[in-house]
Amino acid sequence: MHSDSARLLLRDRELLWHPYASLTEPGEVRLVTGADGVHLELADGGRAIDAMSSWWATVHGHNHPRLNQAITDQLGRDAHTMFGGLTHAPAIELAERLVALSPDGLDHVFLADSGSVSIEVALKMALQYQRGRGRPRRTRILALRGGYHGDTFGAMSVCDPVAGMHAMFSDVLAAQLFADRPPPADASAEQVEGWSEGFRRLAGEHRDELAAIVVEPLLQGAGGMHTYPAACLRVMREVADDLGLLLIFDEIATGFGRTGTLFAADAAHVEPDLMCVGKALSGGYLTLAAVLCTSEVAHGLAASESGVLMHGPTFMANPLACAVAIASIDLLIERDWRLDVARINHGLRSGLEPLRTLPGVVDVRTLGAVGVVQLDHPVDIAAATDAALAEGVWIRPFRDLIYTMPPYITGTPELDQICAAIGAATEVAR
Ligand SMILES: *Cc1c(COP(=O)(O)O)cnc(C)c1O
C-alpha cells in the first residue's frame, strides 16, 4: 500500500470513531479512494462490488451522472438556506413526489436530516396528536421485538429491548411496550393467527396508555433481517383503528422498491398514518429523511396546546439533498426499478439457495433485492469480510447474518460474483 494511505489509516485509528466500534480497539477499516457504479475502489489497489449499497442507500450505484448533475446544478443556485421563514423549489418538488408516490392519505411532509431524526419526529407527532385529540395520557409506543429504528434516544426506546441498547440506557429510555416479532414470511395461517391474537391482546390491555404502533413493514432490517407476512400489517392497521392508535411505518430501509413494491406498505395494501423514509431517498448521496403523515394527524397535532410541530433542524430541507433526492426518484421511476428488483431477486435466489446445505447455515431467504444467509452462530466478521473481498465483493455481516442489498443497477455477472463471495464468506464463517 502507498505510504500516504498507510499514514491516513494510522490517523483514522487515532482520531475517528467508526459505527458501533471502539476507539481504543478498532476493527480494521479500508481506505476508499473512489466509487463508481457498483464498484468501490480501495487504496490497496483492489476494486470491490458494493453489495451493501453503502448501507442500503445507493440504489443507482455511485457517481451517477444524473445525480451528480442535480447536485452540481443546485450548488450553483443555493447550497443551503435556512428553512425557517424561507422555502425553495427543491423542497416543494420533492414533497410533491413523495406525496404522489406514497400510500394514499399521506399528504404532508416533514423533511428531517437523518433516519433516526425522522423517527423522533414521527414519535413526537404521535404524542402531540394524542394531546391534540384530548388524550394526553397516551404517551407510550407499541413496537415489535427484533425492530430497529435508529440510534437517538427516542428511536432507541423502540428498538428491540434485548438486542438493542436498552440494557445500558434503561434508566433514561422511555418505557415502551413490545409485541412479539411476527412469524417468518412463510408462516402458516395458524401461526399468523396466533401472533395476531397476542398482538391484539397486548394492545388492548394497554390501550389507554398507547399513542402509536411503530414497525418496519415486511422486513426488520438491522434487528435481524427478518421477513414476515403482509397479513400482519393488516392486523396492525385493524388494531390501530380499533384502539385509536396511529400506525407508523418505518420504511427507511424498505422504501423505494427494495422489497419488491415501491413501499413495503403497498404489498399489504395498508395505508399507515405516518411513514418515515430515508436511506435510498437521496440515492445514497446526502443525509436526508422524511416523515409523511395524513391530514388527520396534521390537524390533530395542530390542536395540541403548542399548535405547532415542535421540531426544526438547522439543516432541514437542505436544497442539495432535496435536489439529488428528486433526481434519484425520477431515475427510479424511469428505470423501471420493478424489473431490476425482480431480476436481482431471481439472481440472489438461485445463487444463494445452494448455500442452505452448508453446515452451520440455518436459513437462506430473499425478499426483493435483499438476500440473507443466516448461520447458527455469530459470524467471524473479519474473516468473512476478507473472504468476500478476495472474491471482489464488499459485504458487512452482523451477528449471525451474511447478507446483501445490492444497487439496482447490479448486472447478472456481478450478482453471480456477489453470491460466490457470500458463499466464500459462509465457508470461512462457519
Ligand atoms: C437505518 C435505519 C434507521 C436510522 O436511520 P439513520 O439515517 O441511520 O439515522 C431507522 N430505521 C430503519 C428501519 C433503518 O434501517
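The values are calculated or read from the model by the stated rules, or taken from the named source; none is laboratory data. Since we're looking at a predicted model, the values are computed, not measured. Using ideal geometry, Cβ is built from the backbone for each residue, glycine included, and neighbour counts are taken over all protein chains shown. Just the protein is used for accessible areas: all its heavy atoms, side chains included, with ligands, DNA and RNA removed. Shrake-Rupley method; radii C 1.70, N 1.55, O 1.52, S 1.80 Å.
Per residue, the chain exposes 42 Å² of accessible surface when a 1.4 Å probe is rolled over the protein heavy atoms with every protein chain present. For A167 and D336, a Förster radius of 35 Å and the Cβ-Cβ distance give a FRET efficiency of 0.15, rounded to the nearest 0.05.
The apolar share of the surface of the stretch 126-276, taken as the fraction of accessible area on carbon and sulfur atoms (1.4 Å probe, ligands and nucleic acids excluded), comes to 52 percent. Modelled this way, with points 7 Å down the Cα-to-C-beta line, the labels at H18 and A382 are 1.1 nm from one another. For the chain, relative contact order (Cα pairs under 8 Å, six or more residues apart, normalised by length) works out to 21 percent. Summary of packing: across the peptides 64-76, 37-49, the per-residue average of other C-beta atoms within 10 Å ranks them, highest first, as 37-49, 64-76.
Inter-part distance, the stretch 77-148 to the stretch 169-199, computed on C-alpha centroids, equals 25 Å. Oblate is the label for the stretch 137-260. Its Cα gyration tensor axes, ordered a ≥ b ≥ c, give a/c of at least 1.5 and b/c at or above a/b. The calculated FRET efficiency for the pair E193 and D363, based on their C-beta separation and a Förster distance of 22 Å, comes to about 0.45. Quick one: with all protein chains in place, what share of the accessible area of the stretch 1-55 is carbon or sulfur, to the nearest percent (1.4 Å probe)? Within the stretch 1-55, the accessible surface is 55 percent carbon and sulfur. Dividing the mean sequence gap of close Cα pairs (under 8 Å, 6+ apart) by how many residues the stretch 1-122 holds gives a relative contact order of 13 percent.
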